[in-house]
Amino acid sequence: MFDSSKYNEIAKVAKDYKATIVAVTKTKPVSDILEVYHLGIKEFGENKVQELCNKYEQLPKDIHWHLIGHLQSNKVKYIAPFVSLIHSIDSYKLLEIVNKEAAKHNRIIKVLLQVHIATEEEKFGFDSEELISFLNEGKFRNLSYISIRGLMGMATFTEDKEVVRNEFTTLKFLFNNIKNTYFKEDKSFEILSMGMSGDYEMALSAGSNMLRIGSILFGKR
Ligand SMILES: *Cc1c(COP(=O)(O)O)cnc(C)c1O
């Protein structure tokens, strides 16, 4: 079950950093989410499109749904009508598809660009050089139905705190760099989504302002 005292404890720390908590509800039933919703929590994250859509349909419509997991192009259409923030844009092609689907619903979809900061091979996301060259090209500026709000990253799953700290610091540096270079006139590039149950304190001290927290709130999956 949801640990609300743990939530309050994290929320207190997050507040000092002006950070938002996204409660990651993957694998948790709708009834649990509804209880959490009744505590006044409205930011929820899911990593699978199908599960996200099922929950969206059954739950109150003022919930802000975050897609935090890998997004396949052919599934964008299912979330385009309602998703609040997509954290996992990892190619220009995907960005174009999100733009196209958003246009069909006449809405602007907020997105984050996912950056590959971990050493593990299987993690998704842009490499930093790839990201810079994509931004340099500037084509993204023609996509009028998406709004790029910032970056997302996941650290290596390790006990080694120095590795994690380095990865978060690298992402924060990249974030500042991109913000000052490509989004100077655009105050809406402001979200740095990094930090999960095991590393959120480290993430905050490295400059995160959005945490994605699951297991320490809801228990092991
Ligand atoms: C599951 C998940 C989280 C939350 O992880 P916990 O360790 O349970 O807090 C955060 N981000 C992504 C992308 C996830 O898939």
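Odds and ends about this structure:
To keep it simple, each residue is scored yes or no on (1) surrounded by 21 or more Cβ atoms within 10 Å (Cβ to Cβ); (2) at pLDDT 95 or above; (3) assigned to a helix (DSSP H, G or I).
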| residue | (1), (2), (3) |
| --- | --- |
| GLU57 | no, yes, yes |
| ASP62 | no, yes, no |
| HIS87 | yes, yes, no |
| ALA102 | yes, yes, yes |
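- The one condition in (1) under 16 Å from GLY153 (Cα atoms); (2) in contact with a Ser or Thr (Cβ under 7 Å, 6 or more places away or on another chain); (3) not in a loop (DSSP other than H, G, I, E, B) that LEU113 fails to fulfil: (2)
- So LYS18, is it surrounded by 15 or more Cβ atoms within 10 Å (Cβ to Cβ), in a loop (DSSP other than H, G, I, E, B) and either within 18 Å of the chain's Cα centre (by Cα) or free of Cβ contacts under 8 Å to residues at least 40 places away in the same chain (or both): no
- Just one of the listed residues (GLY150, GLY198) is part of a loop (DSSP other than H, G, I, E, B), surrounded by 13 or more Cβ atoms within 10 Å (Cβ to Cβ) and among the small types (Gly, Ala, Ser), namely GLY198.
- Near pairs, Cβ below 7 angstrom, 6+ apart or cross-chain, from region 195-217 (on the phi > 0 side of the Ramachandran plot) to any residue that is at pLDDT 95 or above and more than 6 Å from the ligand (Cβ to nearest atom): GLY195/ALA203; GLY195/LEU204; GLY195/SER208; GLY195/LEU211; GLY207/LYS172; GLY207/LEU192
- Selected residue [hydroxyl-bearing (Ser, Thr, Tyr) and in contact with a Lys or Arg (Cβ under 8 Å, 6 or more places away or on another chain)] from SER193, SER197: SER193
- Summed over region 21-35, the residues that are surrounded by fewer than 21 Cβ atoms within 10 Å (Cβ to Cβ) and away from the ligand (no atom under 13 Å from the Cβ) give a count of 6.
The values are calculated or read from the model by the stated rules, or taken from the named source; none is laboratory data. Nothing here was measured: the structure is a model prediction, and the numbers come from that model. Every residue, glycine among them, receives a Cβ derived from its backbone with ideal geometry; neighbour counts consider all protein chains shown.
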